[in-house]
Each structure stands twice: as structure tokens, then as C-alpha cells.
Amino acid sequence: IFKSFDRQGVGSVLRAEFVHVLMQLGLALVDMPGGVWQDKSSESVEEIRRRRLAQVNRLKGKKSGLRQTTKSVSTRQQTHTSEGKYDDSGPEEEEYDMSLLKWYREGHKKAMVRQMIESGMKTECELRPRFGQTLFFEHPLSNPFNHSERFEVVIEGGLQNDLELVYSVEKWGFLRRHVHPAVGTLSDRGVEADMIDVETSSNRPHLFIVAHETIHIPFVYLSVHPPDRFGKPLEEDYDVTVKFISAQHGHVVHLLKIHVRPLPAIVHRTIRLIQGEDTIVKRCIRIVPGPVHF
């Protein structure tokens, strides 16, 4: 790593370049004032973070825990701490601050760009299923490329494949006619035959979409996990992630995250009392107290 900075081949590098390489490795350079070693092992991560933020704020001209007195560009800077001590900041310290500020800005910029990309390609929704209830919805997917592309659908998470794609055209049409969409709205286009096929090698569903076309992919969710004796669902809240991966480029073009929040089951009971004619019915129905109020 350091050979790339030794351009003249003399076996030495600049201090700023040395500090920059250390910061890329997640390390920091600790000075030893007065030739006496100061043990930094007890210094917490929070103290290191505060010290670095104070250096960044000092370089940006903001107020921090240190009070900076600026004289001129050619003179050395002196920093007055809360203990009344003075810290001389020379050119080497300024180069260190510039390297630290560059590292901080690059890290913040990467995180911001990653967040913007994820927010543009990510969709979140919520499903609240009950035991034995079928939930149906259609999710739109657009082809962002200028050419036709095949997309692989990968479902991660969930319990025993509760979330599935609708392969059958007859089942898709039946769900459209009889089941209200749990999330979003249904497409105005008709049911397309052979829109989803299964790859023999990977055994995963694939979609073929022409350039810049938007299709609606049918999903069905059915929970077959019975509740407990009090009617509460056995499974807790969990998330299901659906990835749409480009078969040619190999990267994710869209991400669907489904937050599943199971609801207690609805129990219907019909009690029929049969008694002979011209008699009085005397029956007592006792309801055992429990966490669920009737």
C-alpha cells in the first residue's frame, strides 16, 4: 500500500499520506508529547468520535469543545482548551485535519448516495393476515433498461413459503374477481398467460419484460399456521423481502419489502339449543375468563 506513495523510491512517505492510509484501514495515529507514552487503551470509542468531530468542526470554523484563535494563514494556530492548555497546530496538524475532513466527507457522501439509490429502487408495504385468510395484491415492476430483459424473482424470509407468486392464469383471474387487493390497486391490463416461467437450472421464477415496460406481478399470501388456544397468532411480526434481479447484469433492480403483522383469528360459533315442544329451556352458558374479552 505504501509503495504507491513512494514515488521517488527513497523509502519514505509524507505524514499526511501515512495518516490517510491509516484512516482507510480504520486506524488513527497517536502522538507522544514529551517523549512519554500515553495509554489510550482506556479511551472509549465515544471519546475518539468526539475528538475527531471536534477537529472537523474546528477546521470548518464552527464552535466546539475547543476554542480556536486564528491569527493568519502563515502563522501557526493555537487552540485553548478547557483546562487552560495550549495546543500548537502546525502544517502537519492541518494536513491531518484536511485528510480527516476528506475521509469524513467521502464516507458521508457514500452513505447519502446509497440511501438515495435504495429509496428509489425500494418499495415497502404492510400485510395484516389472519389464519386461513387469502391476501392478494399486484406489484408493478418496470424495466429500466433500453433493451428487453429477463428478471429473476427471489423471495427471502417468511414462514414455509406463505408468500407465493401466482403462476396459473385461472387462479389469477379468480383472485381478481373475488378477492379485494390487500395492498395497492389492480392493473387495468388483462391477465397475461405464460408471463411467469420457472428456470430449470435454478428452479426460480423468471419474468420477461421489454424495454421500459411496466407489468403487474400477482402475489398471494396465505397463512396456514393455527393460532394458540387464546386466538393469538403463533408467529411474531416479521419481514419478507422480494428481490428482482437482472438475469443479464446480475444486480438487483428493484426491492420489495413486506412487513407482515399477523392478526388474531376470528372465531365464529353458533350455539343451537334444542328442546321439546311446550317446555321451558333452562340452560347456563359459562364463559371462562381469559385475555380476550367477548
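The values are calculated or read from the model by the stated rules, or taken from the named source; none is laboratory data. For clarity, every value in this text was computed on a predicted model and none was experimentally measured. Cβ sites come from the backbone with ideal geometry, for glycine too, and all protein chains shown count toward neighbours.
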Which members of segment 172-226 meet the condition of being over 24 Å from I258 (Cα atoms) and in contact (Cβ under 8 Å) with a residue 40 or more places away in the chain? E199, V210, A211, H212
So in segment 187-227, with the set limited to residues that are small (G, A, S) and exposed (fewer than 11 other Cβ atoms within 10 Å of the Cβ), which one is nearest to H139 (Cα to Cα)? G190
Checklist (1) under 19 Å from L141 (Cα atoms); (2) outside the structural domain of Q133 (by TED's automatic domain parsing); (3) not charged (D, E, K, R) applied to A265, failing item: (1)
